[in-house]
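Please treat every number below as a calculation from the coordinates, not as lab data. On a predicted model such as this, the values are computed, not experimentally measured, just so you know. Using ideal geometry, Cβ is built from the backbone for each residue, glycine included, and neighbour counts are taken over all protein chains shown.
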Amino acid sequence: MSLWLRIVMNIALAGSILFLPWWFTVLLATVHIFMFQAYEIIVWGFVADTLYGTPIPAYYNIEFLFTLLFVVLIILAIPLKRSLIFY
Amino acid sequence: MKMNFHPQNKSSKRVLIKRIIIFVSLALVLATFNVTHFNPFSGLFNYIAEPFWKGRQAVLAFGVDVSIFFRSNKSLAGENKILSRRIVELERAALMEGGLFKENEELKALLGRDTVQHTILAAVLTRPFLSPYGTFMVDVGRDSGISIGDRVVVDGTFVVGAINKVFQKTAQVKLFSAPGEKINVALVPSNLLVVAEGRGGSNFKVTLPRGIAVSEGDALVIPDINIQILGIVEKISITPASSFQIIYFKSPINMAYVKWVQVIHAL
């Protein structure tokens, strides 16, 4: 059951990257990382950056914003999940 | 005897070191792609995504066709009346503008300037709100002859961006209003050349000395033989302490609703 749910979440992430606003993708990735030990969101972040990324002066010409954001999310989620009573 | 060594400490240390190595390697790979502006996966991912984007367009078009059956006759008749009135107004405006435009072209031709542009019609596959980068995809690519730097306009007059990346059948357009992007524009009617800075979401700003006369409603155009409007002045911000004024202007084009663009290909 949880494997199927994880697959569904990955498909939803892929669909969000292709069709939905970027903030929804980030929200979905956040939910995904808290539901599972989902390191694959880094791959999805890389996919999003490869499709849409370009150097933007306001973002210090970094083309991999999604990837970096999702890495930070994972780093923050690991200790947070340990301290949350829910887990 | 006190046990200082616990087997679990060694394995969790190993896991941590492994993770650090993976993250650092990933960072190095991304940094290389970023600095060289070369990503070997971009063509592949675009090739995979393209059918989904085109499929979405087809589904939306079908949805619009089907939705017509669910609208009442009364609402359709009302909308028809409003649109017919609007068409008459626009036809009148177009006649006048057409005459002025023709006169403009004839004068340019008399002075020996060729104003013919090679434009390629392109469908918009994605919207800029899919990412924070201010980019969108169009369905023309290398096989249509477009190249990096070609300008992208809407309705032939309103310039929105330029081709940023080209793939075989698609291309990425970067909006001039992407945050921090700078572009040289001319302020109409004074024809003053200024630098506009993108603020995202079709918004721009220009910083000028206070003495320069600017009004709301003035246009900013790309300095070119053909008229290409970038935006219209919406607000002028002047603070007493500053010797500068900040002009906020916005493109009249909302990219969320645009279906077709023209790519002006430099010959």
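Before moving on, here are some points about what is shown:
- Of B:Lys182/B:Lys250; B:Lys169/B:Lys259; B:Lys165/B:Lys250; B:Lys165/B:Lys205; B:Lys174/B:Lys205; B:Lys182/B:Lys259, those spanning more than 20 Å from alpha-carbon to alpha-carbon: B:Lys165/B:Lys250; B:Lys165/B:Lys205; B:Lys182/B:Lys259
- Distant-in-sequence amide contacts of B:Leu125, defined by a placed amide H-H separation under 5 Å and a gap of 5 or more residues or a different chain, comprise B:Met137, B:Val138, B:Asp139.
- Under a model in which nothing but the beta-carbon of Lys, Arg (+1) and Asp, Glu (-1) is charged, the protein assembly as shown shows a dipole of about 1780 debye around its Cα centre.
- Take the Kirkwood radius over Cα pairs of segment B:16-67, plug it into Stokes-Einstein at 4 °C and 1.567 mPa s, and you get 91 µm²/s for translational diffusion.
- For chain A, the calculated P(r) over all alpha carbon pairs, in 5 Å bins from 0 to the bin holding the longest distance, is 3, 14, 25, 23, 18, 10, 5, 2, 0 percent.
- When the chymotrypsin sites (Phe, Trp or Tyr not before Pro) in segment B:235-267 are filtered for DSSP coil states and for at most 16 other beta-carbon atoms within 10 Å of their beta-carbon, the remaining sites are B:Tyr257.
- 34 Å tail of the calculated P(r), the protein assembly as shown, as % of Cα pairs: 43
- The Kirkwood radius of segment A:1-47, taken over pairs of alpha-carbon atoms, gives through the Stokes-Einstein law at 20 °C and 1.002 mPa s a diffusion coefficient of 204 µm² s⁻¹.
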